[in-house]
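The values are calculated or read from the model by the stated rules, or taken from the named source; none is laboratory data. Values in this document were obtained by computation on a predicted structure and should not be read as measured data. Note that each Cβ is placed from the backbone with ideal geometry, even for glycine, and that neighbours are counted across all protein chains shown. The accessibility values were calculated without ligands, DNA or RNA, using every heavy atom of the protein model including side chains. Shrake-Rupley method; radii C 1.70, N 1.55, O 1.52, S 1.80 Å.
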Amino acid sequence: MGVSFLKRLFLWFILPLLLAGFLPRADAVETRAAGAVLMDAESGRVLYEQDMHCPRPIASITKLMTALVAVEQAEDLDAPVRVKGEWLGSEGSSIYLQAGETITLRGLLYGLLLQSGNDAAMAIACHVAGSEAAFAGAMNERAQSLGMEHTHFTNASGLSEDGHYSSAYDMALLACECLKNETVADICATKSITVGSRTFVNHNKLLYRCEGCVGMKTGFTKRSGRTLVSAATRRGQTLVCVTLNDGDDWNDHERLFDYGFSAYPRTVLCTEGQQFGRRAVEGSLIPSVPVAALRETAYPLAEGEKPRMTIELNGGFHAPVAAGTVAGCVQWWLDGRMIAQTPLICSHAVPGNEAGRPKWEGLFHRRNTEAFGFI
């Protein structure tokens, strides 16, 4: 067997197999989920998906929407809530509320998100909206506002009912919104807390075993299987992961987070205050004003991805110009799609001619006109 033949064999067959084992691939991550998504919370970019738009039963991850609506609509989370007998009797997980007892709405929220109490969900819904049906209507309105196109709620707890469903992608949108709400995010990240005589322990094992995990919610019914929404933050980047009907969800979420943070790190496109040239100004002794980015802008990029930057500027300025005046925007494009943008603003104020004229100039003008008898 000649050397040239062995060389061709190595180059054509053996080397590709070796490289396939060492080089990262976009399809290298797999899950046991029926539906899954990994999303960058800041940009909304989907880093991994598996049948992410298919509507499915979602069980108790429903309670993320219950908490969000309650926090947004309630006037005082620390106001006492007197539990009514007709609110009780929900099947499934419970914090064992008693008719006539008093607990704050905040305490109910801890019982909802940590202990996954279905009785807490019912009490929250009825306290905030008067009935669970009315509260479910508010949940659907909020879902619509978030663009959750494959979602419909019929109850506040996630118990299996016809017409109660969501998709992995929609739940990721909800999770990102919950992270923006400081109260909901803080409760989801709480490992344990004592409220009155009750101690609630978070069911989310990822809080204890996954680097950077900050919550969010577990779920299970026979109809939905295991459902899980989680979020993790590493090196200033936050990712959201959702799996539906996944028998190995803890491990799948950890693998997806490791993949996402390594393959799509947060990449800063521009910093706050970074200058992008100058704009001409008419009617001022100052001929131009520098324009700068309003805020830091970042996007998760894989190795080799190089966005194209474009700058759009408004028409010219006429003094006076206030600091912070919008001058245009800078945009970044990838594969023909705009992935990020930030406004460009004037870095400082520009006075008009009169405001910018030196004091001595006016005095000189007046004295000369007086000398020639013009005034």
### Summary
Honestly the stretch 229-286 on the Cα gyration tensor test (a ≥ b ≥ c root eigenvalues; a/c under 1.5 rounded, otherwise a/b vs b/c for prolate or oblate) is just prolate
### Query
Hey, what's the chain come to in accessible area per residue, 1.4 Å probe, Å²?
51
### DSSP beta bridges in the chain [antiparallel fraction, %, rounded to 5]
95
### Query
Expressed in nm to one decimal, what extension gain is obtained for the pair residue 322 and residue 310 from 0.36 nm per residue of sequence separation less their Cα-Cα distance?
1.9 nm
### Query
So, in Å, what gap is there between the alpha-carbon centers of the stretch 42-70 and the stretch 96-118?
23
### Query
With charges only on Cβ, +1 for K and R and -1 for D and E, what is the dipole size of the chain about its Cα centre, in debye, rounded to 20?
1080
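Taking chymotrypsin sites (Phe, Trp or Tyr not before Pro) that fall in a DSSP loop and have at most 12 other Cβ atoms within 10 Å as cut points, what is the longest piece of the chain between them?
The answer is 97-371.
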### Centroid-to-centroid separation of the stretch 201-277 and the stretch 315-350 [C-alpha atoms, Å]
33
### Message
If you split all Cα-Cα distances of the stretch 139-260 into 10 Å bins from zero, what percentages do you get per bin, shortest first?
### Response
12, 42, 36, 9, 0
#### Entry: Selected from 124, 345, 286 as most flexible by GNM, with the chain as the system and alpha-carbon contacts under 10 Å
286
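How big is D for the chain, in µm² s⁻¹ as a whole number, if Stokes-Einstein is applied with the Kirkwood radius of its Cα pairs at 25 °C and 0.890 mPa s?
In µm²/s, the coefficient rounds to 100.
Under 12 Å between alpha carbons: how many lysine pairs meet that in the chain, if sequence neighbours fewer than 8 apart on the same chain are excluded?
Values: 63/217; 191/205; 191/217; 205/217.
Lysine pairs, 8 or more places apart or on different chains, close enough: 4.
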### Accessible area of the stretch 76-154 belonging to carbon and sulfur atoms, whole % at 1.4 Å probe
46
### Task
Mind telling me which of 186, 335, 119 comes out most flexible in a GNM of the chain, alpha-carbon contacts under 10 Å?
335
### Task
Taking the dipole about the Cα centre of the chain, with the C-beta of Lys and Arg at +1 and of Asp and Glu at -1, give me whichever of 87, 124, 167 is farthest to the positive side.
167
### Summary
Using alpha-carbon positions, the gyration tensor of the stretch 111-172 gives root eigenvalues a ≥ b ≥ c; with a/c under 1.5 called rounded, otherwise prolate if a/b exceeds b/c, else oblate, the class is prolate
### Message
Please state the shape class of the stretch 48-174: rounded when a/c is under 1.5, otherwise prolate if a/b exceeds b/c and oblate if not, all from the C-alpha gyration tensor.
### Response
prolate
### Task
Once you've got the GNM for the chain with C-alpha springs shorter than 10 Å, pick whichever of 166, 157, 145 has the biggest mean-square fluctuation.
145
### Summary
Carbon and sulfur atoms account, in whole percent of the 1.4 Å probe accessible area of the stretch 176-332, for 49
## Note on the structure
Between residue 185 and residue 285, Cβ-based FRET efficiency (R0 56 Å, step 0.05) works out to 0.65
### Message
Using helices alone, I'd like the mean residue ellipticity at 222 nm for the chain: each DSSP H run of four-plus residues gives -39500 (n - 2.57), total over residue count, nearest 500.
### Response
-9000 deg cm²/dmol
### Summary
Contour minus Cα-Cα span, residue 53 to residue 338, at 0.36 nm per residue, comes to 100.4 nm
